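The values are calculated or read from the model by the stated rules, or taken from the named source; none is laboratory data. Because the structure is predicted, anything quoted here is derived from the model rather than measured. Here the Cβ positions follow ideal geometry from the backbone for every residue, glycine too, while neighbour counts run over all protein chains shown. What goes into the accessible areas is simple: the full protein's heavy atoms, side chains included, and nothing from ligands, DNA or RNA. Shrake-Rupley method; radii C 1.70, N 1.55, O 1.52, S 1.80 Å.
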Amino acid sequence: MTDRTQHCYISCRVGDLLVGIGIEHVQEINRHVDATFVPRLEAEVKGLINLRGNLVTVLDLVRILHGRDAVTASDTRNVIVQHEQERFGLLVDAVGDVANCEGLELEPLPSHFDPAQAKWFAGLVQLDDQILLVLDVAAVVRARSAAEVHA
């Protein structure tokens, strides 16, 4: 079943994927800043950054989605998102345009999509010339929180 969406997404490159992060979650986009390493955290957690006096946990989306560490370059960005009462930085390879998906269908992922990957996405939107995988920010953040509890 498909749903009409009136959402806008920040389009991001994460490896070879075009990922959309709901604009309602995004607080700001920053150039990559090296995070302070914190011992005993999962590999997906790059560390902490100080953002105007507030500590923000940085999660490596390349590691989460592809199983390898992000290679930082001039296009690397931290997309700062809010989930409940906490802010997180999502490390992405590059940030593109805002994708206005008003009136487009938010479709479920195809059945052949890898279940280990599917858990990170709310669905997909077919743009004119490419597919935008819509990130489930809550799933990414919950997985990080669950990993810390078991550490």
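Per residue, how much accessible area does the range 38-88 show when a 1.4 Å probe rolls over the protein heavy atoms, in square angstrom?
Values: 2760 Å² over 51 residues.
Ligands and nucleic acids excluded, the figure is 54 Å² per residue.
When Cα Rg over 2.2 N^0.38 Å is calculated for this entry, the matching label among (1) 1.13; (2) 0.95; (3) 1.02 is (3).
A simple count of charges around ASN30, restricted to other residues whose Cβ falls under 14 Å of its Cβ and scoring Lys, Arg +1 and Asp, Glu -1, yields +2.
Helix 137-150 and the longest principal axis of the Cα set of the chain meet at an angle near 40°.
Quick one: of the DSSP bridges fully inside the chain, what percent are antiparallel, nearest 5?
Numbers: 39 of 45 bridges.
Taking every DSSP beta bridge within the chain, about 85 percent pair in antiparallel fashion.
For the chain, a Gaussian network of Cα nodes joined below 10 Å ranks ASN30, ASN54, ASN100 by mean-square fluctuation, and the top entry is ASN54. Once a ≥ b ≥ c are taken as the square roots of the eigenvalues of the Cα gyration tensor of the range 47-106, is the result rounded (a/c under 1.5), prolate (a/b larger than b/c) or oblate (a/b not larger than b/c)? Since a/c reaches 1.5 but b/c is at least a/b, the shape of the range 47-106 is classed as oblate.
Working note: 222 nm ellipticity from helices only, DSSP H runs with n ≥ 4, each -39,500 (n - 2.57), summed and divided by the residues of the chain, gives -4500 deg cm²/dmol to the nearest 500.
When a 1.4 Å probe is rolled over the protein heavy atoms, the share of accessible surface on the range 45-91 that falls to carbon and sulfur comes to 42 percent. Taking amide H as placed 1.01 Å from N in the peptide plane, PHE121 has its amide H under 5 Å from the amide H of ASP136, each at least 5 places away in sequence or on another chain. Within the listed set VAL19, VAL33, VAL81, the residue fluctuating most in the Gaussian network model of the chain (springs between alpha-carbon atoms under 10 angstrom) is VAL33.
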